[in-house]
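Trainee: Below is a structure I'd like to ask you about.
The values are calculated or read from the model by the stated rules, or taken from the named source; none is laboratory data. Note that this is a predicted model, so its numbers are computed, not measured. For neighbour counting, all protein chains shown are included, and Cβ atoms are generated from backbone atoms with ideal geometry for every residue, glycine included. Just the protein is used for accessible areas: all its heavy atoms, side chains included, with ligands, DNA and RNA removed. Shrake-Rupley method; radii C 1.70, N 1.55, O 1.52, S 1.80 Å.
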Amino acid sequence: MGRLHQLMVKTVFAAQTHPLDSSMHFRPGYRLNSLFGGVLLCVLVGCTTAPYQAAPTRSPIAGSQAVTTGKRQNVVMQAMALLDRNYVYNGKKLHTGFDCSGLVSFVFKESASVELRGSAADIAAKTRPVPADEAVAGDLVFFNTLGTPNSHVGIYIGSGKFIHAANERTGVRIDQVTSPYWAVRLEGYRSAL
């Protein structure tokens, strides 16, 4: 909470702890002061909140760009909502858990109406490559974890981070693409949107 916000809360609500004074008579102006204080507080909080900036997209058409940006945001939010879910080999369902490709399939179907079925390699074959410096939130990131290309997949969420169903011990979690383990196994980025 910002310093200005804390000061406003103290100023508006400090003297108004109860609508009734000690003799149980209604304090005139309490509702007006509370209403004014509440409105003022909302205005100040709104003014001190930084505006949201959406991740850039590669779509050249303005109308299509808005749809793609919205889908990307939905993909990231859905993936974040699944953090700490169980890892289950071949898992594709919310109530049982996910493996890496099951998580990606579930998230894209639920949040962007995009069908991505099969293994990580199957998903890679159905998506288009993206240069690493153009990867944006909502893209997919692929790794070679089993000695075969595209054997693991996660959802890139920006800032060098991705969400994936890692293993039975850790479940669905966020990792850094540049961490020593993942950096040497990175295959590349791809997009389904």
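Trainee: Six or more apart or on different chains, Cβ under 7 Å: which pairs go from a residue in the range 75-104 that's open to solvent by less than 20 Å² (accessible area, probe 1.4 Å) to one that's aromatic (F, W, Y) and modelled with pLDDT of 95 or more? Could you list them?
Mentor: V75/F108; G91/F98; G97/Y87; F98/Y87; F98/F106; D99/Y87
Trainee: What number of residues within the range 141-162 are of a type outside the set (S, T, Y), assigned to a loop (DSSP other than H, G, I, E, B) and either under 23 Å from N86 (Cα atoms) or modelled with pLDDT under 95 (or both)?
Mentor: Of the residues in that region, 5 qualify.
Trainee: Go through (1) assigned to a loop (DSSP other than H, G, I, E, B); (2) open to solvent by 20 Å² or more (accessible area, probe 1.4 Å) one by one and return the number of the condition G138 breaks.
Mentor: Answer for G138: the failing condition is (2).
Trainee: Taking the condition farther than 15 Å from G188 by Cα, in contact with a Phe, Trp or Tyr (Cβ under 6 Å, 6 or more places away or on another chain) and modelled with pLDDT of 95 or more, does A165 pass? Outline the logic, then answer.
Mentor: Working: farther than 15 Å from G188 by Cα: yes; in contact with a Phe, Trp or Tyr (Cβ under 6 Å, 6 or more places away or on another chain): yes; modelled with pLDDT of 95 or more: yes.
For A165, the condition - farther than 15 Å from G188 by Cα, in contact with a Phe, Trp or Tyr (Cβ under 6 Å, 6 or more places away or on another chain) and modelled with pLDDT of 95 or more - is met.
Trainee: Quick one: which residue in E110, E115 is open to solvent by 20 Å² or more (accessible area, probe 1.4 Å), assigned to a helix (DSSP H, G or I) and of a type outside the set (A, V, I, L, M, F, W, C)? Spell out the reasoning first.
Mentor: Details: E115 fails: assigned to a helix (DSSP H, G or I).
It is E110.
Trainee: Shifting gears a bit: From R190, R128, which residue is more than 20 Å from M77 (Cβ to Cβ), basic (K, R) and surrounded by 15 or more Cβ atoms within 10 Å (Cβ to Cβ)? Walk me through how you get there before you give the answer.
Mentor: Working: R128 fails: surrounded by 15 or more Cβ atoms within 10 Å (Cβ to Cβ).
Selected residue: R190, the only one of R190, R128 that is more than 20 Å from M77 (Cβ to Cβ), basic (K, R) and surrounded by 15 or more Cβ atoms within 10 Å (Cβ to Cβ).
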